[in-house]
1. It is to be established whether one or more residues within the stretch 83-102 are touching a Leu at 6+ places or on another chain (Cβ under 7 Å), outside the structural domain of Ala320 (by TED's automatic domain parsing) and more than 17 Å from Arg357 (Cβ to Cβ).
2. So Thr83 clears everything in (1) within 15 Å of the ligand (Cβ to nearest atom); (2) of a type in the set (Val, Ile, Thr); (3) surrounded by fewer than 16 Cβ atoms within 10 Å (Cβ to Cβ) except one condition, right? Which one?
3. Would you check if Ala329 is in a helix (DSSP H, G or I) and aliphatic (A, V, I, L, M)?
4. Regarding Ala302, is this residue buried (at least 17 other Cβ atoms within 10 Å of the Cβ) and not assigned by TED's automatic domain parsing to the domain that holds Tyr126?
5. Being among the hydroxyl-bearing types (Ser, Thr, Tyr) and either closer than 28 Å to Ile133 by Cβ or surrounded by fewer than 20 Cβ atoms within 10 Å (Cβ to Cβ) (or both) is the requirement here; does Thr46 meet it?
6. In the stretch 238-259, which residues are more than 12 Å from the ligand (Cβ to nearest atom), under 18 Å from Pro72 (Cβ atoms) and either of a type in the set (S, T, N, Q) or assigned to a loop (DSSP other than H, G, I, E, B) (or both)?
7. Need pairs with beta-carbon distance below 6 Å; first residue in contact (Cβ under 8 Å) with a residue 40 or more places away in the chain and buried (at least 18 other Cβ atoms within 10 Å of the Cβ) and within the stretch 123-146, second in a loop (DSSP other than H, G, I, E, B) and among the hydroxyl-bearing types (Ser, Thr, Tyr); sequence gap 6+ or separate chains.
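The values are calculated or read from the model by the stated rules, or taken from the named source; none is laboratory data. All values reported here derive from a predicted model rather than from experimental measurement. Here the Cβ is made from the backbone with ideal geometry for all residues, glycine too, and neighbour counts use every protein chain on show.
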Amino acid sequence: MKLSKRITGLTGGGSDGWDVFNRARAMIAAGTPVIELTQGEHDIRTAPAILDEMHRVAKAGNTGYSPVHGTPALRDAIAARVTARTGVPTTRDNVAITPGGQPALFASHSTACDPGDTALFIDPYYATYPGTIRGVGAVPRAVAARPDHGFQPLEADIAAAADGARSLLINTPNNPTGVVYTEATLTGIARACRDHDLWLISDEVYDTQVWTGTHLSPRALPGMADRTLVIGSMSKSHAMTGSRVGWVVGPAEAIRHLVNLSTHTTYGVPGFIQDAALFALNQGPALEAQVAAPFLRRRAIAAGVLNGVNAVTSVPCDGAMYVMLDIRATAMTGEAFANALLDAEKIAVMPGESFGRAAAGHLRVAMTVDDATFEDALRRLVAFAEARLAGKPVEISA
Ligand code: PMP
């Protein structure tokens, strides 16, 4: 039977850039030990107290349908949190609960774009972005954030791409680069959105993982609350990736319509998950700091290992759970380097090219294994790069 273009076109065809990841998984399945630094998944699990609460409320009967737009209590808690963190008055009418950040990205683009509309996104990008845009029938258009600008997108580049576009998707703290957008960057982005009448879809799922400076939500910038949809999630902040709970914060009218999409797709998030999320949020910043602490420690480990190294340099790691390495001095592509590293050292990292053209010649290293293993893997990666410094050709094993 014929399949729809929408479903067959989701991945964009060709390699999806996850070859190294898939090869590493196959090696592990075949019994070869591999140090996996590919995925944005904590090496800790959801806190037992959160699971106890989930179990308690489910046992007490909260296993039926829940309000499609989210429970009033959870929406109130998120509204209060957003108001406190950004200063933008926010009520439950501005909040829709979704089964994680990914459905929130889909719902936001569905809200902003009609089929055939152009939707901008910043390259390097989180792997699902172009497919999410294609999934709603819109047309993805990349705007490069270049390494020579510290992967900060420029207002002029957004403006140059904005003709005919309806929306712009940004992500700070950023996956894959670990970069946090500066106030100047966000001010420029906001101005480009106002000047070109774009929705801003602001993916802030890493907002509790900022290592230098503070997180600035562009919804708080002048004139932006009416045109910004913010994506939030419990996945990264509370190590609740498997619970599937996130949200969209935006103008009340947009949220009212966006919720209709949930009625026709997910029909909401289980009530016991929402209650557990509320319990987790009510634990306050201490729990968030505890979940973030391993990445802060490993960021310091990476800085120590990379200090004085020429073959590999680090993009400043200001947030999120990744360190992005520039390996252009080896004259290898990220893809060739990552494949050769996997074969020779049994260490799996993501090639920068998996996240777009702007990250070519880079590697994304997820800081998601224990400290000692992480340090050992980085030291071996550095030695591997040093042996391959441009001008010093070395046979690459297998
Ligand atoms: N946005 C970004 C930038 C991400 O890295 C991820 C997960 N890796 C998501 C959204 C989606 O996360 P979730 O659906 O688990 O909330």
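1. Looking through the stretch 83-102, at least one residue is touching a Leu at 6+ places or on another chain (Cβ under 7 Å), outside the structural domain of Ala320 (by TED's automatic domain parsing) and more than 17 Å from Arg357 (Cβ to Cβ).
2. (1)
3. yes
4. Spelling it out, Ala302 is indeed buried (at least 17 other Cβ atoms within 10 Å of the Cβ) and not assigned by TED's automatic domain parsing to the domain that holds Tyr126.
5. yes
6. Gly250, the sole residue that qualifies.
7. The qualifying pairs are Pro124/Thr177.
Residues are listed down the side, and each one gets a yes or a no for (1) away from the ligand (no atom under 16 Å from the Cβ); (2) assigned to a helix (DSSP H, G or I); (3) within 30 Å of Gly250 (Cα to Cα):
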| site | (1), (2), (3) |
| --- | --- |
| Leu3 | yes, no, no |
| Arg6 | yes, yes, yes |
| Val20 | yes, yes, no |
| Ile28 | yes, yes, no |
| Gly40 | no, no, yes |
| Thr46 | no, no, yes |
| Val68 | yes, no, yes |
| Leu74 | no, yes, yes |
